[in-house]
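The values are calculated or read from the model by the stated rules, or taken from the named source; none is laboratory data. If you're wondering where the values come from, they're calculated on a predicted model, not measured in any experiment. Positions of Cβ are backbone-derived with ideal geometry, glycine not excepted, and every protein chain shown enters the neighbour counts. Note: areas computed on protein heavy atoms with side chains; ligands, DNA, RNA excluded. Shrake-Rupley method; radii C 1.70, N 1.55, O 1.52, S 1.80 Å.
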2 protein chains.
Amino acid sequence: MGKQMTEMLKGTLEGIVLALLTGKPAYGYEITTLLREQGFSDIAEGTVYALLVRIEQKGLVDVEKRPSEKGPPRKVYSLNDQGRQELQEFWKTWTFLSERIEQLNGKEK
Amino acid sequence: MGKQMTEMLKGTLEGIVLALLTGKPAYGYEITTLLREQGFSDIAEGTVYALLVRIEQKGLVDVEKRPSEKGPPRKVYSLNDQGRQELQEFWKTWTFLSERIEQLNGKEK
DNA sequence: ACTAGTACATAGTAGCGCTAAGTAGTGGAA
DNA sequence: TTCCACTACTTAGCGCTACTATGTACTAGT
């Protein structure tokens, strides 16, 4: 990751993961793969797992352990009501910020 | 500031300030005021000054000291070539990130 | 036995915005 | 003339988050 991207992900990655979880539950390894496919090609595994621990402790997701055919058991995370609410606030904050920034983009030159 | 916004500003605030500096030089107090007017209503003064120290040390801006009629001398910052280059990279990173996130926004629901 | 892929965990580090407290200068109100 | 408000800049310490690095554990193929 570039250093810029690393800093920018602070505060947005949580929202991104919550958004990924909307509709369909997922487990850590799966989420990491998804993120990498969607362009965050060198997201660190540890980053994702640490984030998942965090959002679980904040009570934004429900967790269920399920056996895997190919390795250790998976921890499947699904968004709960509190998580959905947090996600909504994420969108509000994001929209606000991105509007200001886009405005600055227009101004220069 | 909400905690979400605080985290989101990490990595974007520097770009925002660099963008503000495009075209017209400005000093710290002025930049803080500008940011507050543009919606970042409770940006901490210390945050801005610390950021200015940082971008000066990274060599992204030129600094000139000018007397003020109303207080201590001002430190006027202007974007230099390296700063303009950094700003360009900021836009690239921002565009990439915001496209991914906007895409997620469309997907849900 | 070895390797690769799947799956999760965590201690330590760096970077950045915030808090809080300070210094310094000017002008107006009490 | 004392006090306050505004202007203007500085900096130590804190909390949060992504990254680095390393480890554990299970399965399947060679």
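Okay, here's what the table says:
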read-out	value
Search result, residues across the stretch B:41-55 that are among the aliphatic types (A, V, I, L, M) and either part of a helix (DSSP H, G or I) or within 13 Å of chain A (Cβ to nearest Cβ) (or both)	B:43, B:48, B:50, B:51, B:52, B:53, B:55
Filtered residues of the stretch A:64-93 (kept if part of a helix (DSSP H, G or I), surrounded by 12 or more Cβ atoms within 10 Å (Cβ to Cβ) and away from every other protein chain (no Cβ under 14 Å))	A:82
Of residues in the stretch B:23-40 being open to solvent by less than 40 Å² (accessible area, probe 1.4 Å) and within 11 Å of DNA strand C (Cβ to nearest atom), the one nearest to the other protein chains (Cβ to nearest Cβ)	B:40
Answer residue from the stretch B:35-83, given it is among the aliphatic types (A, V, I, L, M) and touching a Ser or Thr at 6+ places or on another chain (Cβ under 7 Å) and is farthest from DNA strand D (Cβ to nearest atom) among those	B:79
Residue within the stretch A:8-23 that is in contact with a Lys or Arg (Cβ under 6 Å, 6 or more places away or on another chain), at pLDDT 95 or above and on the phi < 0 side of the Ramachandran plot present	yes
Residue among B:53, B:61, B:48 that alone is farther than 27 Å from residue A:95 by Cβ and open to solvent by less than 30 Å² (accessible area, probe 1.4 Å)	B:61
Residue that is within 14 Å of DNA strand C (Cβ to nearest atom) and either within 16 Å of the chain's Cα centre (by Cα) or of a type outside the set (D, E, K, R) (or both), where the choices are B:97, B:79, B:52	B:52
Subset of the stretch B:45-66 (residues that are of a type in the set (A, V, I, L, M), out of contact with any strand residue (DSSP E or B) (no Cβ under 8 Å at 6 or more places or on another chain) and in contact (Cβ under 8 Å) with a residue 12 or more places away in the chain)	B:48, B:51
Pair list, Cβ under 7 Å, 6 or more apart: the stretch B:1-25 residue in contact (Cβ under 8 Å) with a residue 12 or more places away in the chain, other residue open to solvent by 60 Å² or more (accessible area, probe 1.4 Å) and more than 12 Å from DNA strand D (Cβ to nearest atom)	B:1/B:42
The stretch B:1-22 - residue that is open to solvent by 10 Å² or more (accessible area, probe 1.4 Å) and not in a helix (DSSP H, G or I) and, of those, farthest from DNA strand D (Cβ to nearest atom)	B:22
Options B:89, B:69; residue that is over 16 Å from the mean Cα position of the chain (by Cα) and without any contact (Cβ under 8 Å) to a residue 40 or more places away in the chain	B:69
